[in-house]
Amino acid sequence: MSSPTADVSVRIAWADDAEAIAAIQARSWSTSYAELVPGVGELRQADFAEQWRQALANPVDARHRALVALERNRVVGFAITTPAADPDCDPVSDGELMELTIEAPERGKGHGSRLLQAAVDTLAADRFTRAVTWLVADDDELRGFLTEAGWAPDTAHRTLDLDGTGVTQVRQVRLHTALA
């Protein structure tokens with residue numbers, strides 16, 4: 001006898017998803033970046049919701065996409081795909097996974113794998129042949145997840161000055177993968 005399967009899926013995000021995505025982003029950033037960015041714990045859903053509503057209703061172009069992972073009708077994660085903007089990338093053939101975020105309590109349930117696969121499929125459908133993503137250099141959990149999915153470092157790295165003063169700097173590394 002088999003056990004029932006979860007009602008899970010991934011789809012393109014709608015403007016109506018703005019509040020849910022904003023809530024996930026605020027919660028995730030307040031824990032993921034708490035040690036890196038002073039005051040990040042004070043982020044609120046309202047700080048992001050209107051920006052998400054605008055971005056989802058009027059994307060910059062057709063290849064800027066947001067995807068959501070769902071458990072039943074509840075958004076549990078999101079991903080953003082765009083043309084790659086790095087100077088050493090070709091925006092025609094290189095796509096970027098700008099963000100991949102799953103609610104902490106929902107990790108380990110397959111949502112991240114489904115969302116990553118949907119993002120890769122979306123990038124391939126947009127005719128990109130390579131995907132890149134930036135992650136915080138010491139984010140071993142995300143690096144391990146992406147490495148197991150076939151992504152690898154491509155030697156690019158950068159330091160972001162988050163507050164413009166040089167006090168709050170974040171080191172990042174870039175990973176890449178070929179798209180079939």
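Within the range 69-81, none of the residues are hydrophobic (A, V, I, L, M, F, W, C) and farther than 19 Å from A13 by Cβ. Condition first: in a loop (DSSP other than H, G, I, E, B) and modelled with pLDDT under 95. Now tell me which residues in the range 148-180 satisfy that. Matches in the range 148-180: L162, D163, G164, T165, G166, V167, T168, A180. Taking residues in the range 90-107 that are part of a strand (DSSP E or B), and partners anywhere that are among the charged types (D, E, K, R), the pairs with Cβ atoms closer than 8 Å and at least 6 places apart or on different chains are D94/D86; D94/R130; G95/R63; G95/D126; G95/R130; E96/D86. E103 meets the stated requirement of being closer than 20 Å to T31 by Cα and of a type in the set (D, E, K, R). Across the range 113-122, the qualifying residues are those that are over 14 Å from T133 (Cα atoms) and touching a Leu at 6+ places or on another chain (Cβ under 7 Å), and the one among them that is surrounded by the most Cβ atoms within 10 Å (Cβ to Cβ) is L115.
Out of curiosity, is A180 in contact (Cβ under 8 Å) with a residue 60 or more places away in the chain and aliphatic (A, V, I, L, M)? No; evaluated as a whole, the condition is false for this residue.
The values are calculated or read from the model by the stated rules, or taken from the named source; none is laboratory data. Model, not experiment: these values are computed from the prediction. Backbone-built Cβ (ideal geometry, glycine too); neighbour counts: all protein chains shown.
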